[in-house]
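Asks: Sending over a structure as structure tokens; questions will come in a sec.
What follows draws every value from the coordinates through simple rules; no lab data is involved. Treat the numbers as computed from the prediction; the structure is a model and nothing was measured. In this analysis, Cβ positions are derived from the backbone assuming ideal geometry, glycine residues included, and neighbour counts consider all displayed protein chains.
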Amino acid sequence: MATNKLYFYFTYLGYSLLAISILCLLVTLTGSNTIDHIAWGLSGIGLLMAGGLLLIFLTRANRHVAHQNNGIWQNGATSRGFSAWVLGIALTGFYVLLYWFPDSLQGLITAVEPLSRLLRNKAADQWFLYGLFYTIAVLVMGVWALLKYRNNRYQLIRTCSVIFFQLGFAFLLPGLLLAFNQPEFYFSYFWPLKYDYLFPGTVSYLLENGQALGFFMVFWGAILSFLATPVLTYFYGKRWYCSWVCGCGGLAETAGDPYRQLSDKSKKAWQWEVAIIYPILGFIILTTLLLWINSWSGGSIFGDLSGGFARSYGFFIGSIFSGVVGVGFYPVMGSRVWCRFGCPMAAYLGILQKYFSRFRITTNGAQCISCGNCSTYCEMGIDVRWYAQQGEPIIRASCVGCGICAHVCPRGVLKLENGPTDHRYQGTTLISRDAVTIL
């Protein structure tokens, strides 16, 4: 009884901290110049982290590892209920303000000014605010993932990896580069995901302003895009990046984990996936080529056409798709909307994985009981159960190798492997129904 009362009190405290934090952030966002934005804003951020971590610990640590997904379809927040739509609208609205109305966020930007000065020796802007919130989301919800999958070594290491790369390579390191008057550069992103890193303008900027470090940045981006990516994908599949390094994948695997079951598993969704993601890859390849041709010709061939391509890609894909839709639609469409339907890096890696990789998920069809857990929790919308029932290996361009399908399988049917390429598509031998005679 005493334990239950203590649990109730701490839960009440957690929700109270979240409520106060939201109030502080709203005051910071909407308050006039008469308030102390720094005090209100940093207090709101601190209380948000404290309340979130407390509730995560109470929710996950006290629940048995076998019961982590219990009630997930009865909870409106994780089954497209009213609260999920409210959260989705709030996230979408934040992205709209961030991209097109940043002045409306000035209160919050002012609040994080001391942090920006400390890290970057530069005034805060909407992108620093976004990077800070993004990193906090990965850190706090990374604790969620660590507690939820605490009995799975692969998931623990993978979660620590995405936290490390987001905090170190995508937040702290770019800020420190600015503090030392060097070009801001994200070493965990490269073309075609960070599409402008191979644009002539960006390459020229890095070479002119970064000196020796700028040459290294250009070299790093080119090597990662055209040499390291094919080699690493050959040995490990696209999971080495999509589930271990990428910040988009890091947010999906942490903050997006409660919504992974919402991904559409229908054939129609797969057809849309193929129809959208590969043309986007082709679009960025074409745009990059046009920009370089135009650069070498001094603009005499295409004029501003290539620049129009780049601006269109940045607006429709870089902003609307990857930001507004990619994250804002988490609570209603699942955590990998961008990765599944829009990311050119995922398309590039997927082609390599499907045709030139050692990675596959093998299935032991004789052990499958068709419970459907694997398909339900596949964030990429793959009908894993169908492959398991047939005893066929899962070799799909969209698979990010997160391993959750194997984690939730009660029979150990699925196994992530980096086996030889010989007989890669060969499945386990099953006895068909027609081959059995009942005596």
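Asks: Quick one: compute the contact order of segment 358-433, relative version, from alpha carbon pairs under 8 angstrom and 6+ residues apart, as a percent.
Replies: 45 percent
Asks: Any chance you could check the Cα centroid distance between segment 45-124 and segment 218-255 for me, in angstrom?
Replies: Value for the Cα centre distance between the two parts: 25 Å.
Asks: Let me have the relative contact order for segment 1-62, percent, based on Cα pairs under 8 Å that are six or more residues apart.
Replies: 45 percent
Asks: Efficiency by 1/(1 + (r/R0)^6): what FRET value for W127 and A366, r their Cβ-Cβ distance, R0 = 60 Å, to the nearest 0.05? It would help to have the intermediate numbers written out before the result.
Replies: On the way: r = 53 Å, r/R0 = 0.88.
Given R0 = 60 Å and the Cβ-Cβ separation, E is 0.70.
Asks: Ratio to report: Rg/Rh of segment 1-155, with Cα atoms as the point set and Rh obtained by the Kirkwood method; give two decimals.
Replies: Checking Rg against Rh, the ratio lands at 1.02.
Asks: Another question about this same structure. List the chymotrypsin sites (Phe, Trp or Tyr not before Pro) in segment 369-403 that DSSP assigns to loop (not H, G, I, E or B) and whose Cβ has at most 15 other Cβ atoms within 10 Å. Which are they?
Replies: When the chymotrypsin sites (Phe, Trp or Tyr not before Pro) of segment 369-403 are filtered for loop state and at most 15 Cβ neighbours within 10 Å, nothing remains.
Asks: Suppose the chain between L286 and F10 were pulled fully straight at 0.36 nm per residue; how much longer would it get relative to their current alpha carbon spacing?
Replies: Gain on extension, L286 to F10, equals 93.8 nm.
Asks: Here's something else I'd like to know. With each label point set 7 Å from Cα along the Cα-Cβ vector, what nm distance links I293 and A66?
Replies: Those two pseudo-labels are separated by 6.2 nm.
Asks: Just to verify a number: FRET efficiency for A275 and I38, C-beta to C-beta distance, R0 = 41 Å, to 0.05?
Replies: E(calc), rounded to 0.05, equals 0.30.
Asks: Figure the gain on full extension for S79 and D304 (residue separation times 0.36 nm, minus the Cα-Cα span) and round it to one decimal in nm.
Replies: 76.4 nm
Asks: Pick the calculated semi-axes √(5λ) of the Cα gyration tensor in Å for this structure from [x] 37, 33, 18; [y] 36, 25, 19; [z] 34, 32, 23?
Replies: [x]
Asks: How high is the relative contact order of the chain, in percent, with contacts defined as C-alpha pairs under 8 Å that are six or more residues apart?
Replies: Here the relative contact order equals 15 percent.
Asks: With the Cα gyration tensor of segment 1-62 giving a ≥ b ≥ c as the square roots of its eigenvalues, does the rule (a/c under 1.5 for rounded; else a/b larger than b/c for prolate; else oblate) give rounded, prolate or oblate?
Replies: prolate
Asks: Please find the FRET efficiency linking H423 to K354, where r is the Cβ-Cβ separation and R0 is fixed at 25 Å, and quote it to the nearest 0.05.
Replies: FRET efficiency, H423 to K354: 0.95.
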